[in-house]
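Below is one structure, written out as structure tokens; comments come after it.
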Amino acid sequence: HPVDDPKSSKDSQISDRIEAKRYQDRLAEFRADTGKSIASINGHAGVFHATSHEGVSTFLSGNSGKGPSSSPDKGGFTGWAMLGINPNSGVVGKDPAPVTSRTNWLQAEVKPRVDELTLGATAAVPAAMTVGDSVTVDATISQDSGRIVPVQWPMSAVWGGDGVVVDDGSVETDKRGRAVSASASEATDESVLRFNPSTGALTATGAGEATLAVTVNGVTSEHTITVADDTTGPVDPGGPGEPGGPDQPGDGGGTGTGAGGGTAPGAETGGKVDTDAAGKRGLADTGSPELQWPIAIALMAVLVAAGGLLAFWRRRSA
């Protein structure tokens with residue numbers, strides 16, 4: 001049984017929690033004292049799961065012969081696992097890198113039983129896109145007479161295809177967390193599509209034809225997408241001095257007639273100036289006679305009110 005059961009029931013973990021903590025600490029102490037890699041491989045919980053503690057990887061293998069003990073999205077599916085060990089990376093020394101020191105030595109592939117693999121399970125993958133477009137793509141497998149399982153961690157899957165760059169944004173870092181490698185997109189000069197398996201985001205990055213593919217335990221599903229150039233460009237406002245139509249502004253290069261009858265460069269941006277039935281300008285012309293009297297009355301009211309407040313304050317002060 002594992003130290004910790006990832007299920008909410010916690011019915012398949014070491015029941016003596018003091019003993020479980022001692023076991024976990026002993027593995028971490030061995031790694032720290034010897035500089036050698038060590039891991040814990042467990043089962044009997046009915047789910048696939050993986051975690052780590054102080055540099056020690058813990059892998060939990062699910063069921064192969066009987067049904068799982070959790071929901072499909074939480075590692076509850078049937079299958080098997082294959083472990084890969086690199087002996088040359090087993091000695092990590094006294095100051096190992098937090099993550100890569102583990103994964104360079106030990107990795108696991110989780111192989112679910114696949115009856116059918118569907119690419120674009122939630123929404124169909126488009127057949128055509130335009131450069132700059134982005135859609136969300138997912139995949140599912142069906143197994144054991146109807147169980148639908150999303151293609152996601154901890155299930156192993158290989159994404160790729162012709163003209164596709166798979167990039168989850170991750171880069172290799174040193175012990176201080178500084179990037180020491182470029183992302184997959186930065187390392188590739190040209191591509192038609194970019195896919196992020198962590199988020200499911202599929203982005204059109206260049207014109208052409210590309211094929212997105214996903215493989216789970218030897219079963220592959222793929223879809224071809226044609227990407228066109230983005231032909232949408234800025235609207236031509238016209239040359240200097242060319243007014244726009246009634247529904248299209250000009251370029252601001254013309255001259256407009258001011259209120260005093262003279263001309264001022266750029267006073268109008270072209271097009272038709274709205275007027276009322278009497279031929280007068282609208283409220284955009286704030287110096288029009290229609291607004292002068294209301295503004296003057298409002299200013300006088302403010303002055304009178306201010307004078308009254310000042311007189312009241314002086315009487316109270318006396």
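The values are calculated or read from the model by the stated rules, or taken from the named source; none is laboratory data. Being a predicted model, the structure only gives us computed values, none of them experimental. Note that we place each Cβ from the backbone using ideal geometry, even for glycine, and neighbour counts take in every protein chain shown.
Candidates Gly254, Gly258, Gly206: the one that is on the phi < 0 side of the Ramachandran plot, modelled with pLDDT under 95 and crowded, with 17+ Cβ neighbours inside 10 Å is Gly254.
Being out of contact with any strand residue (DSSP E or B) (no Cβ under 9 Å at 6 or more places or on another chain), under 21 Å from Asn217 (Cβ atoms) and surrounded by 15 or more Cβ atoms within 10 Å (Cβ to Cβ) is true of Gly46.
Which ones in the range 75-91 are under 20 Å from Thr215 (Cα atoms) and either among the basic types (Lys, Arg) or surrounded by 15 or more Cβ atoms within 10 Å (Cβ to Cβ) (or both)?
Kept after step one, since they are under 20 Å from Thr215 (Cα atoms), are these residues of the range 75-91: 75-84.
The answer is Gly75, Gly76, Phe77, Thr78, Gly79, Trp80, Ala81.
All but one of (1) assigned to a loop (DSSP other than H, G, I, E, B); (2) modelled with pLDDT under 95 hold for Val165, so report the exception by its number. It is condition (1) that Val165 fails. Among strands (runs of 3 or more DSSP E) entirely within the range 1-88, having at least 2 residues that are of a type in the set (Gly, Ala, Ser) and under 24 Å from Ser145 (Cβ atoms) singles out 79-85.
Just give me the residues in the range 63-113 being among the basic types (Lys, Arg) and either on the phi > 0 side of the Ramachandran plot or under 31 Å from the mean Cα position of the chain (by Cα) (or both), in sequence order.
Taking the range 63-113 as the starting set, the residues that turn out to be among the basic types (Lys, Arg) are 66, 74, 94, 102, 111, 113.
Selection gives Lys74, Arg102, Lys111, Arg113.
Can you tell me which residue in the range 142-161 is nearest to Leu212 (Cα to Cα), limited to those that are of a type outside the set (Val, Ile, Thr), within 25 Å of the chain's Cα centre (by Cα) and in a strand (DSSP E or B)? I'd like the intermediate steps shown before the answer.
Step one: of the range 142-161, the residues of a type outside the set (Val, Ile, Thr) are 142-147, 150, 152-157, 159-161.
Going one step further and asking which of them are within 25 Å of the chain's Cα centre (by Cα), we end up with 150, 152-157, 159-161.
If we keep only those that are in a strand (DSSP E or B) as well, we get 150, 159-160.
On the way: Pro150: 17, Trp159: 8, Gly160: 6 Å.
Within the range 142-161, the match that is nearest to Leu212 (Cα to Cα) is Gly160.
Is it fair to say Lys7 is in contact (Cβ under 8 Å) with a residue 40 or more places away in the chain and surrounded by fewer than 19 Cβ atoms within 10 Å (Cβ to Cβ)? Spelling it out, it is not the case that Lys7 is in contact (Cβ under 8 Å) with a residue 40 or more places away in the chain and surrounded by fewer than 19 Cβ atoms within 10 Å (Cβ to Cβ).
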